[in-house]
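Heads up, the thing below is written out as C-alpha cells.
The values are calculated or read from the model by the stated rules, or taken from the named source; none is laboratory data. All values reported here derive from a predicted model rather than from experimental measurement. Because the Cβ atoms are built from the backbone with ideal geometry, glycine has one as well, and the counts that use them run over all protein chains shown. Accessible surface areas use protein heavy atoms only, side chains included; no ligands, DNA or RNA. Shrake-Rupley method; radii C 1.70, N 1.55, O 1.52, S 1.80 Å.
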Amino acid sequence: MTLFRCCLICGICFDGNGGVYMSILKPREKRLKSCKLLYVIVYALGLFVIEYFNRFQIYRTLDNFKFITGLSLLYSVVIISLLSAILLIVPKKLKGVYLGLSYLLITIYMIAHRVYYGLFKEFISIKQMLMIQDTKNMYSDVGIFINDIKRHVRFDYLIIILIAIISVYISIKLIKRDDSKRHLVLLIVLLFVSVGFSDFGKLAISNSESEDLDIFTNKEFLYDTLFSKDKAIEELGIYGYLKQDVSLIFSSRFREVDPIEVTQIADYFEENATEKIVNDYTDIFKDKNLVFILAESLNSTIISPELMPTLHMMETTGLYFDNFYIPAYPRTTCDSEFISQTGLLPSLYSGPTCYLYQENSFPISLANLFMNEGYTANSFHNNVAEFYNRDVLHKSFGFEEFYDSSRLGNKLKIDSSIYTLGKDLVMPDEKFYSFIVSYSGHGGYTERDLLSNEYYRENYEKAASVLDEDTPDEIVVYNAYQMEFDNMLSEFYDDLKSSGRLTDTIFIIFPDHFPYMMDDEMYRDYVGVDEDYQYHKLPFLIWGQDIEPEIISKLGASTDILPTVANLFGLEYNQSDYFGIDLFDEDSESLVVFKDYSWLNDETYFSANPNFNTDKSQEYYDDINDKLYKKIEIFQKILIEDYYQHTEDDNA
C-alpha cells in the first residue's frame, strides 16, 4: 500500500517511494476563487434579512398588516441589486468603507421608523430631515432626548444591529480573499434589475378604473403620494417606500405651478360655493379684542380644577365644546397653528407645511381678516423663532410681528413670562388680535424631565398633594407644567379686569394635540381611550365676561375654528374658502378628518381599515368619501400651487 503525503499550499504529493504527483485537491488560491462572489451574496442577504426582520416586527404591531406582498419583494430585489452593483463598482480598498457606511445608514433608517412610530404613531419620511433643527431646539437637554428615545427602544433593535455587524464582518473577510478584478456579467445583471425594474412597480399598480376609486384601494394614488405611510410600507416594502419617498422629494423640488390645477381649484370653488348664514351668534363679539391661545398638549379632563382655577372658571362660565376633535396631523403643533390661522387643511402627504409652504400667500387668514377691520395683529411664543419656521410662517399668516423668546428677552421659556415681558405687546391700547402659542405644557413628563425643569418643582409638590395618591407620576408632572399655563392665563385675566378692559376682551383656548409624549398605555387607561380616534377629543372654549355659560355638544373639529370665530366677530369672509364650518350654523354638519383619511361624523366613524366599517352600508360610505376625497385633494392643491398668490396676481 502506497502512502501519500500532500502539501495543501502547493498541491503536490509525494509517495513513499520518492515519486512526485499533482494532487487532485485544488491549491488554496484556486479553492478561494470558487467563492469570489460570496461577499456580494452575503451583503445582499444581510440587507434582505434586515428589511424583513423589521417588517415582521411591524407586522406584529399593526392590525391587518400584510407581512409580504409582491411589490415589496420586487422593490427589495431592485434596491438591493442597486446597492450590490455599487459595491461591485467601488474599488477594493474602499469596499469595506462602503459596506460599513451603507449598513450603518440602513440600520439607522430601519430603527428610526420604529422609534418614530412609537412617538408619533406614524412612520418617518426623509422629508422630516427638513425639521431636524426642531429636534435640536426641542431637546436642549440631551439627557431628555435620550430618555424619550429609550422609552421606545426594543430588544429586537439589537438583533437588527447584530445582523448588520455580522454581515459587514463576513463580507469584509470574503473581500480580502477575492482577487478578481471585475464581475462584469454580475454587474450588468444587477444594474439591469435595479434600473430596468425601478418603475415596474408603478406599471404594475396602474389601472384604468374611474378616478373616484376608493382611496384605500387605489394603489396608484398611494404610490404617487405615500399619503398613508403604514399602507405604503405594507405595499411597497421599506426599501420601496424609501425609493419613492426620495423620488417625490426630487420631483416636488423641481416642480412648477400648473395653471390647469389652479383653474381646477377655481372651478371647484365655483361649483361648491357655500353661503355664509347669519345666526344668533353672528357679530356678538363685534369690535371686541381677542386673546387667542393655542395651549400646548392641553387636555383639561386630566387636570384638577384646584390646580388650574382660571382655566376651570373659563370652561364652566363660557362656551364649552365638549364634542370637539383636534386631529394630530403630520406636523402636530405646526399644523394645528396652520389650521386655526388659515382654515385650510395642512399638507397630508407632500411634506411639512411649515417648511414647504411657509411663504405661501394666505389673504383669507384670521390675522388678515382682523386687520381688514382695523385691528392690530401680533403673535407670541416662548421658543426660538426658527422652530417650525415661525418667523417666516407667521408673517405669511399676516401678523404684523412675531415675538419669540429672544425678542421677549425670555431665558426660562415659561408661559407666564409672556405676560411679564410682553403684556403691553399682547394688550395694546388699540383693538387687538393676539395669538399666543403656549410652551410650558410640553413633554416629556417623566421624573428625568422634571429634574431638568426645576422651576416646576414647587408646582409638582402642590400637584402631588392635591391629586390622589395613586395618580400616575406622569400625570402629576403634567399638572405641574399646565399650572404654569394657568398662571399666565390668570395674569392676563387680572390685568384686563383691573384696567377695566375685561368686558371688551374675549379669550379663545384650544390645544394643539393630545399629550402624546406620555406613556401610551398609561394615558389610554387614565383618560379612557377605547378607539384610537378618541385620542383627539380635546377641549375648545370661548370665554367673555358677558357670555351666558353653555355646553355645546355639536360635533366640531379644528378646521371649524376660523369660520366660527369670524362669524362671532362679524368679520368679512367667504365661507367657501375654508375646509370647515361655522359651528353655530344649525344647517351645517361638521366632519372630522384625520391624517390617514379616516373620518368621524355625527353618525359613525369611518376607519382607514375597511374591515372595520360595518355600521353603515357601503353606499353610505361611498357617498361621503367621493365628495370628501375630492375636497381634500383640492385643499392639498391650494398649498402645492400657492393658489391664493395666483388669484391675487390675477386681481392685481
Can you tell me which residue is nearest to residue 270 (Cα to Cα) among those in region 587-603 that are open to solvent by 10 Å² or more (accessible area, probe 1.4 Å) and among the polar types (S, T, N, Q)? 588
Restricting to region 463-479, count the residues that are in a helix (DSSP H, G or I) and either free of Cβ contacts under 8 Å to residues at least 24 places away in the same chain or open to solvent by 20 Å² or more (accessible area, probe 1.4 Å) (or both). 6
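One line per residue, one yes/no per condition, for (1) out of contact with any Ser or Thr (no Cβ under 6 Å at 6 or more places or on another chain); (2) under 30 Å from residue 367 (Cβ atoms); (3) among the small types (Gly, Ala, Ser):
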site	(1), (2), (3)
408	yes, yes, no
416	yes, yes, yes
434	yes, yes, yes
437	yes, yes, no
443	yes, yes, yes
454	yes, no, no
458	yes, no, no
If you go through 372, 368, 383, the only one that is open to solvent by 10 Å² or more (accessible area, probe 1.4 Å), more than 20 Å from residue 636 (Cα to Cα) and in contact with an Asp or Glu (Cβ under 8 Å, 6 or more places away or on another chain) is 372
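Only one of 505, 420 is surrounded by 20 or more Cβ atoms within 10 Å (Cβ to Cβ), more than 20 Å from residue 387 (Cβ to Cβ), more than 28 Å from the chain's Cα centre (by Cα) and among the β-branched types (Val, Ile, Thr); which?
Just a single option satisfies the conditions, and that option is 505.
A quick yes/no check of all residues on (1) touching a Lys or Arg at 6+ places or on another chain (Cβ under 8 Å); (2) under 19 Å from residue 316 (Cα atoms); (3) part of a helix (DSSP H, G or I):
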{"site": "461", "(1), (2), (3)": "no, no, yes"}
{"site": "481", "(1), (2), (3)": "no, no, yes"}
{"site": "484", "(1), (2), (3)": "no, no, yes"}
{"site": "488", "(1), (2), (3)": "no, yes, yes"}
{"site": "509", "(1), (2), (3)": "no, yes, no"}
Would you point out which residue out of 412, 393, 408 is out of contact with any strand residue (DSSP E or B) (no Cβ under 8 Å at 6 or more places or on another chain), surrounded by fewer than 21 Cβ atoms within 10 Å (Cβ to Cβ) and touching a residue at least 24 places away in the same chain (Cβ under 8 Å)? 412
Would you please list the contacts, defined by Cβ atoms under 6 Å and residues six or more apart or on different chains, that run from a residue in region 480-504 that is within 9 Å of residue 415 (Cα to Cα) to a residue that is among the hydroxyl-bearing types (Ser, Thr, Tyr) and assigned to a loop (DSSP other than H, G, I, E, B)? 484/440; 485/438; 485/440
Cβ pairs under 8 Å, 6+ apart, first in region 519-538 and over 18 Å from residue 609 (Cα atoms), second modelled with pLDDT under 95 and open to solvent by 90 Å² or more (accessible area, probe 1.4 Å): 527/301
Within region 338-355, the count of residues that are part of a helix (DSSP H, G or I) and either without any contact (Cβ under 8 Å) to a residue 60 or more places away in the chain or open to solvent by less than 10 Å² (accessible area, probe 1.4 Å) (or both) comes to 7
Within region 220-269, the residues that are open to solvent by less than 30 Å² (accessible area, probe 1.4 Å), at negative phi, assigned to a helix (DSSP H, G or I) and not hydrophobic (A, V, I, L, M, F, W, C) are 223, 225, 229, 234, 235, 239, 240, 241, 244, 245, 268
Looking only at residues that are of a type in the set (Gly, Ala, Ser) and over 22 Å from residue 366 (Cβ atoms) in region 525-564, which one is least open to solvent (accessible area, probe 1.4 Å)? 528
Residue 335 being assigned to a helix (DSSP H, G or I) and more than 20 Å from residue 426 (Cβ to Cβ): yes
Could you give me the residue pairs with C-beta distances under 7 Å whose first residue belongs to region 69-90 and is surrounded by fewer than 22 Cβ atoms within 10 Å (Cβ to Cβ), whose second residue is outside any helix (DSSP H, G or I) wherever it lies, and which are 6+ apart or on separate chains? 74/197; 88/183
Failed condition for residue 455, given (1) modelled with pLDDT under 95; (2) assigned to a helix (DSSP H, G or I); (3) within 20 Å of residue 301 (Cβ to Cβ): (3)
By residue number, the members of region 430-457 that are open to solvent by less than 60 Å² (accessible area, probe 1.4 Å) and of a type in the set (A, V, I, L, M, F, W, C) are 432, 435, 436, 437, 450
Which ones in region 245-266 are under 24 Å from residue 120 (Cβ atoms) and at pLDDT below 90? 246, 247, 248, 249, 252
Failed condition for residue 584, given (1) crowded, with 18+ Cβ neighbours inside 10 Å; (2) touching a residue at least 40 places away in the same chain (Cβ under 8 Å); (3) assigned to a helix (DSSP H, G or I): (3)
Kindly indicate which of 364, 414 is more than 24 Å from the chain's Cα centre (by Cα) and within 19 Å of residue 565 (Cβ to Cβ). 364
So, in region 283-325, of the ones that are small (Gly, Ala, Ser) and either on the phi < 0 side of the Ramachandran plot or open to solvent by 10 Å² or more (accessible area, probe 1.4 Å) (or both), which residue ends up nearest to the chain's Cα centre (by Cα)? 295
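Looking for whichever is in a helix (DSSP H, G or I), at negative phi and modelled with pLDDT under 95 here; the options are 611, 567. Which one fits?
611
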